[in-house]
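Computed from the coordinates by the stated procedures, all read-outs in this text should not be read as laboratory data. All values reported here derive from a predicted model rather than from experimental measurement. Every residue, glycine among them, receives a Cβ derived from its backbone with ideal geometry; neighbour counts consider all protein chains shown.
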Amino acid sequence: MNLAKIMIPKYFTVFLREKQSVRQGLESLASHGYTALPVLDEKGEYIGCVTEGDFLRCVMACGTTDKRTLERQRIGDILRKDFCPALPITAEEDEVIDAVLKQNFVPIVDARNVLCGIVTRRRLITYLAGRELVKLQ
């Protein structure tokens, strides 16, 4: 499987930086309507994913929704590094299918662990369905 053909390139994806504030992350999540976003370090390397639940736990721990308080909290402090693991751009088809069954999108990284893009469940299903239609003809 050529992941470069079906992934959404990094340029067209929404992601956060680990040093951004929780307030900025919440605003980005709300404005784009996503439930989870990839998080990158200062070198562009993928370090994990942050979800609505992570933000909720942060707000509950802070005990407030005050924007000034959330401005002091960093995305890197609330993300779960073991959630939504990335796959290499060279991943096999069965690995991608298995990952998409567990999560809505799969971050795709190069050999340096730099985010290349994401493969969404929708893109993978569309690709596989199209391939099956070609086989039937």
Restrict the search to region 35-128; then list the chymotrypsin sites (Phe, Trp or Tyr not before Pro) that DSSP places in a loop and that have at most 16 other Cβ atoms within 10 Å of their Cβ. F83
If contacts are Cα pairs under 8 angstrom and at least 6 residues apart, what is the relative contact order of the chain in percent? 30 percent
Taking L79, L29 and counting other C-beta atoms within 10 Å, the order from fewest to most: L29, L79
Only helical DSSP H runs with n ≥ 4 go in: add -39500 (n - 2.57) per run for the chain, normalise by residue count and round the 222 nm mean residue ellipticity to 500 deg cm²/dmol. -12500 deg cm²/dmol
With +1 at each Lys and Arg Cβ and -1 at each Asp and Glu Cβ, the charge dipole magnitude of region 1-114 around its Cα centre, to the nearest 20 debye, comes out at 540 debye
Taking Cα atoms, the helix 52-62 axis meets the longest principal axis of the chain at an angle in degrees (rounded to 10) of 10 degrees
Extension gain (nm, one decimal) between N2 and T64, 0.36 nm per residue minus Cα-Cα: 17.7 nm
With labels modelled as points extended 7 Å from the Cα through the Cβ direction, what inter-label distance (nm, one decimal) is found for D98 paired with Q24? 3.6 nm
Can you give the FRET efficiency to the nearest 0.05 for R122 and E45, using r as the Cβ-Cβ distance and R₀ = 35 Å? 0.85
Provide Rg and Dmax in Å for region 3-136, with only Cα atoms included in the calculation. 16.2, 58
Starting from 0.36 nm per residue, how many nanometres of slack lie between R80 and A129 once their C-alpha separation is accounted for? 14.4 nm
